[in-house]
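The values are calculated or read from the model by the stated rules, or taken from the named source; none is laboratory data. The structure displayed is predicted, hence computed values, not measured ones. As a convention, Cβ positions derive from the backbone with ideal geometry for all residues, glycine included, and neighbour counts pool all protein chains shown. The protein model used for the area step is the full one, side chains on, heavy atoms only, and it has no ligands, DNA or RNA in it. Shrake-Rupley method; radii C 1.70, N 1.55, O 1.52, S 1.80 Å.
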Amino acid sequence: MLTPDQDSGSLRMFEMLGQMQQLGCKVTFVASNLETRMPYTQTIQALGVEVRWHPYLSSITTLIEREGTSFDVIMLSRVTVACQFVDLVRQHAPHAKLIFDTVDLHFLRNERLAALETDGAVKADILASVKKMRDEELSIIEKSDITLVVSTVEQTLLQEIAPRAIVKIVSNIHVNDPNDADFEAREGILFIGGFRHPPNLDAITWYAENVLPILRRDLPGVVTTCIGSNAPPPQC
């Protein structure tokens, strides 16, 4: 289930659902585990989006097999979801445009993680998973009509290794909330990130070790505030 108040991937998808609804589409959302969770389900329904869940839906496979031909567009989000259903969609919804929303290229993220790893055995395990993930993501991209990424870096990479793929950028989506206070009237530094996403934990750790000491030396009194879901317990 989308939790747009907890992670940017959920917020991005939530905003995309709203945009599609505003374009006049009839939109259906199904969580990969068929769950419903309040208030999130109601928040999505408030957009005018239909939400399907268990026990009223027995499986996503059943949905695709029975209703696949009724959809003009089917979007599969994240490789872990898309790899389960891409072939099923192609079989039972052959006329639907298939969009693969990567959210981020998982193989690229893990490749970068391997580059930071100093333990040889751990590094080897990560690189093995990178190859598997890369093969899965490229296979899904090949079977999809359009692939969505969030950055020009990912788009350029896919243009090099999958030149036949149609790759479009849909970055994070945030509602603009103007603040009348100018720079001089503001204070402090804010970091926002959900900590089930490993790069966010790596980022704030790097910040604390490499940037914060300089700030404390050159800008004493400047406070850094770190907020985000699933934060690990503080370590002194």
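Quick notes on this structure:
- Student exercise, segment 40-139 dipole from Lys, Arg, Asp, Glu Cβ charges, in Debye to nearest 20: 20 debye
- Normalised convex hull volume, segment 128-188, alpha-carbon set, Å³ per residue: 146 Å³
- Those lysines that a straight Cα-Cα span of less than 17 Å connects to Lys97, excepting residues fewer than 8 apart in one chain: Lys26, Lys143, Lys168
- Within the accessible area of the chain (1.4 Å probe), percent carbon and sulfur: 54 percent
- At full extension, Asp104 and Ile192 could sit 29.9 nm farther apart than now, given 0.36 nm per residue minus the alpha carbon distance.
- The C-alpha radius of gyration of segment 105-236, expressed as a fraction of 2.2 N^0.38 Å, stands at 1.37.
- Segment 20-156: translational diffusion in µm²/s, Stokes-Einstein, Kirkwood Rh over Cα pairs, 37 °C, 0.692 mPa s: 196 µm²/s
- Within segment 91-117: backbone nitrogen closer than 12 Å to the Val153 label point (7 Å, Cα to C-beta): 105, 108-113
- Mean ellipticity per residue at 222 nm, deg cm²/dmol - from DSSP H runs of n ≥ 4 across the chain, formula -39500 (n - 2.57): -13500 deg cm²/dmol
- Rolling a 1.4 Å probe over the protein heavy atoms gives segment 133-230 an accessible area of 71 Å² per residue.
- Over the chain, the reciprocal of the mean inverse Cα-Cα separation, the Kirkwood hydrodynamic radius, stands at 20.4 Å.
- Accessible area of segment 1-112 divided out per residue, in Å², using a probe of 1.4 angstrom: 52 Å²
- The residue among Thr224, Gln159, Ile146 whose Cα reaches farthest toward the positive pole of the charge dipole of the chain, with charges on the beta-carbon of Lys, Arg, Asp and Glu, is Ile146.
- Simple label model, 7 Å out from Cα along Cβ direction - Arg52 to Ile166, nm: 2.4 nm
- Cα gyration tensor shape for segment 75-181, rounded if a/c is under 1.5, else prolate or oblate: oblate
- A Cα-only calculation for segment 1-99 places Rg and Dmax at 13.1, 35 Å.
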